[in-house]
Every structure is written in C-alpha cells, then in structure tokens.
1. Being part of a strand (DSSP E or B) and touching a Phe, Trp or Tyr at 6+ places or on another chain (Cβ under 9 Å) is the filter; apply it to region 114-123 and report the residue that is surrounded by the fewest Cβ atoms within 10 Å (Cβ to Cβ).
2. Given the condition under 22 Å from D168 (Cβ atoms) and in contact (Cβ under 8 Å) with a residue 40 or more places away in the chain, answer yes or no: does some residue in region 76-88 qualify?
3. Counting only residues that are in contact with a helix residue (DSSP H, G or I) (Cβ under 8 Å, 6 or more places away or on another chain) and within 25 Å of D147 (Cβ to Cβ), how many does region 72-105 have?
4. Condition test on G85, is it part of a loop (DSSP other than H, G, I, E, B), farther than 25 Å from R51 by Cα and under 15 Å from the mean Cα position of the chain (by Cα)?
5. Can you tell me which residue among V5, V14 is surrounded by fewer than 20 Cβ atoms within 10 Å (Cβ to Cβ), modelled with pLDDT under 95 and under 20 Å from N174 (Cβ atoms)?
6. Criterion first (surrounded by 22 or more Cβ atoms within 10 Å (Cβ to Cβ), more than 26 Å from G180 (Cα to Cα) and among the acidic types (D, E)) does D75 satisfy it?
7. I'm checking my understanding of the structure. Among residues of region 78-111 that are touching a Phe, Trp or Tyr at 6+ places or on another chain (Cβ under 8 Å) and of a type in the set (S, T, N, Q), which one is modelled with the highest pLDDT?
8. If you go through region 127-141 one residue at a time, do you hit one that is outside any loop (DSSP other than H, G, I, E, B), of a type outside the set (G, A, S) and at pLDDT 95 or above?
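The values are calculated or read from the model by the stated rules, or taken from the named source; none is laboratory data. Note that the structure is a prediction, hence the values are computed from the model and not measured. Using ideal geometry, Cβ is built from the backbone for each residue, glycine included, and neighbour counts are taken over all protein chains shown.
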Amino acid sequence: MIFAVALLAGLSSVSAQIIHTDKKTETPGCGPRVWIEYTDDDPDYFIIKNRSPKGWSLAMLAIDLAPSTGNLVFDTNEGGKGVGGASPFYPDALSPVRLVGTIPAEDGGRTIGLQFEEFLQDRDYTFHVDLDAIPSEGGRTWVLPADVKGAKVLATFKGPSGQNDKIDAVFDENAEADSGAGGCV
C-alpha cells in the first residue's frame, strides 16, 4: 500500500500541471488525460475515463474530498459518520480494467486511492460508494453537483516508453474533473 500513501500525500500539492517524472522521454504533445464524473444515485457512483492517446495507461488514482464545497464525506457504514443510508465501496466487476489495490474510503473519511492494471486509453471504470454532504447547517443524504466542486484528483499514468507522469484535476460545479490532455483540451 506504499503506492497509495505516496499518491495521497501528493494531493496537498495538486497544482493542475503535468509533472514529468522521467526527463529522458518527452511527453507527447497531447499527453495523458483522466476525466471523472460523479453521480448521486442509489447507490452513488464515479466513472473514471482514460481519455489519453494510445500508449498511456492509468496506473493509480486518488480522490480527496476535503476541499469540496459541500464538505463531503464517504458514508460507508449504516449508523456511522454519514447521514442516512450508506453504501460501501464496490468495484465494477465486469470491467476489462483490473483493480489491483485500494486505500478504501473509511466511513466519514475524505480520501480513496485505487491502483489499476489494463486501464488503457478509451476505457472506463465505474465504482460505487455513498457520499454525503455535511454543510454547516447540518448533513443531508443527497449530494448536489455543486457540492463536489473543489474536490481533488491525482492520477499516475504509465506512458508509451514506460515513463510515469502524474497529473491532477479539480472537480467543477457539474461534479466532473478533467485533467486536460497535456495542453490539448
């Protein structure tokens, strides 16, 4: 689980730039791109989309809800820190993308980390987990798209030459986070 600890530690310095960890190989003009959508449903779910050019595989992804405008928390246990009905994390069992490691979302927690294999370009991966909004006037079970605004994403990609690139994104008022594509949005 060292990967996830290092990945989540990097969330505090999310800066909306591509960080090149291998200077020997330049990132192609349009580099790695991750796009995440959140939907409040029964159960809530996230769709992670690898929209990178050919050769870029998504290896790790972390989500940090702490800076969200709705003061969001994961609600994974009935009667726990969330409000009302809860839903634990469960992955997409039918996806060709393999989930090989997680830092699970704790009840009342704000972070989750995922490690993948075979998350190639143009593939999507869905996972389910309940979110609740805990605004200053009291909690509620539903999450509005604007509540997700400000939550951060950090992703690590393996490139065509084996190099690693880290990119980040921030959720907008539509509950979507798009890292852009190495300057090619």
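1. Q115
2. no
3. Step one: of region 72-105, the residues in contact with a helix residue (DSSP H, G or I) (Cβ under 8 Å, 6 or more places away or on another chain) are 72, 101-103.
Subset that is within 25 Å of D147 (Cβ to Cβ): 72, 102-103.
Going through region 72-105 one residue at a time, the tally reaches 3.
4. Details: part of a loop (DSSP other than H, G, I, E, B): yes; farther than 25 Å from R51 by Cα: yes; under 15 Å from the mean Cα position of the chain (by Cα): no.
Answer is no for this residue.
5. Values: V5 fails: under 20 Å from N174 (Cβ atoms).
Within the list V5, V14, the selection yields V14.
6. Details: surrounded by 22 or more Cβ atoms within 10 Å (Cβ to Cβ): yes; more than 26 Å from G180 (Cα to Cα): yes; among the acidic types (D, E): yes.
So D75 passes the test.
7. Only one residue fits best here, namely T102.
8. Filtering region 127-141 down to residues outside any loop (DSSP other than H, G, I, E, B) leaves 127-128, 131-133, 140.
Now drop any that are not of a type outside the set (G, A, S), which leaves 127-128, 131-132, 140.
With the extra rule that they be at pLDDT 95 or above, the set shrinks to 127-128.
Within region 127-141, one or more residues are outside any loop (DSSP other than H, G, I, E, B), of a type outside the set (G, A, S) and at pLDDT 95 or above.
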